[in-house]
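The values are calculated or read from the model by the stated rules, or taken from the named source; none is laboratory data. Please read these numbers as outputs of a predicted model, since none were measured by experiment. Positions of Cβ are generated from backbone atoms using ideal geometry, with glycine treated the same way; all protein chains shown enter the neighbour counts.
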Amino acid sequence: MINDLLDLARLEAGQNRQRLEVISPQELIADALPHLQALVEARDVRLATEVAPEIAEVTVDPRQINHVFSNLVSNAAKFSKTGEVVSLSAKAAGDRVRFSVIDHGPGVQPEYQSRIFERFFRIPGAAESYGVGLGLAIAKEIVISHGGSIGLRSTPGVGSEFYFDLPAVKTNGDRVKT
C-alpha cells in the first residue's frame, strides 16, 4: 500500500519518470501476457486477447502500461466467476488506440461509476474486499500521463468494460494530432 501511495503521489505531482518507446499494441500485450495469465489463472479465470490487424503503434513506457493492464485484468479476474473469460483487446479508435478489458462479473452500479477511478474508492457492500482502492486511481494517472483517457462502461448483473485510449503514432513516428 505504501508503494502504491508513493507511486500515485509521484504521478499526480508530474514526477513520473517515463522511458518512452514506440511500440505496437500487439507487442505491448504480448509482453504483458505471461504476467496477466498468472493473474487470471490464480483466480481460475481464462484470459482471451484480440488485437485488430494493422493497428497504429503507440508511444508509451511499456512498464507503466503493463501496470495498467495488470490493475484492470486483476480487477476483472477478482470479480469474475470460476471459468469465466476476461478479454483484453486493442483496436483503432479514430486517432487513438483503445485498449479494453471486459469481464462478465457483477458490474458496477450507476451511482458508483463516476467515482470508480478516485483514490481509496471501493464499492460499498462488494462481495469481497480487495485492496485499498488505489489500483484504478494509479491506472488513471498513468494513462493521463501518456496523453490518454480512461473510462468504464458497465451494466449491473452483466459485466464491465474498462478501457483506455492512447494517442496513435503516425507512420513517421509522430503522434497523430488531435
Give me the residue from segment 30-47 that is of a type in the set (A, V, I, L, M) and in contact with an Asp or Glu (Cβ under 9 Å, 6 or more places away or on another chain) and, out of that set, farthest from Phe69 (Cα to Cα). Val45
Does Phe69 satisfy the criteria of being touching a residue at least 40 places away in the same chain (Cβ under 8 Å) and either more than 13 Å from the chain's Cα centre (by Cα) or outside any helix (DSSP H, G or I) (or both)? no
Show the residue pairs meeting these rules: Cβ distance below 7 Å; 6+ apart or different chains; first residue within segment 144-155 and in contact (Cβ under 8 Å) with a residue 24 or more places away in the chain; second residue small (Gly, Ala, Ser). Ile150/Ala139; Leu152/Ser160; Ser154/Gly107; Ser154/Ser160; Thr155/Gly107
In the set Ser70, Ser89, the lone residue that is under 23 Å from Ser24 (Cα atoms), touching a Lys or Arg at 6+ places or on another chain (Cβ under 9 Å) and not acidic (Asp, Glu) is Ser89
Working only within segment 27-61, note down all residues that are outside any loop (DSSP other than H, G, I, E, B) and in contact with a Pro (Cβ under 9 Å, 6 or more places away or on another chain). Glu27, Leu28, Asp31, Ala32, Val51, Val58, Thr59
Assess whether Ile142 counts as being at pLDDT 95 or above and within 12 Å of the chain's Cα centre (by Cα). no
How many residues are over 18 Å from Lys170 (Cα atoms) and not β-branched (Val, Ile, Thr) when one looks only at segment 40-64? 11
Examine segment 105-120 for a residue that is outside any loop (DSSP other than H, G, I, E, B), within 26 Å of Val58 (Cα to Cα) and of a type in the set (Ser, Thr, Tyr), and state whether such a residue exists. no
Taking the condition of being at pLDDT 65 or above and either buried (at least 18 other Cβ atoms within 10 Å of the Cβ) or in a strand (DSSP E or B) (or both), how many residues in segment 145-178 meet it? 20
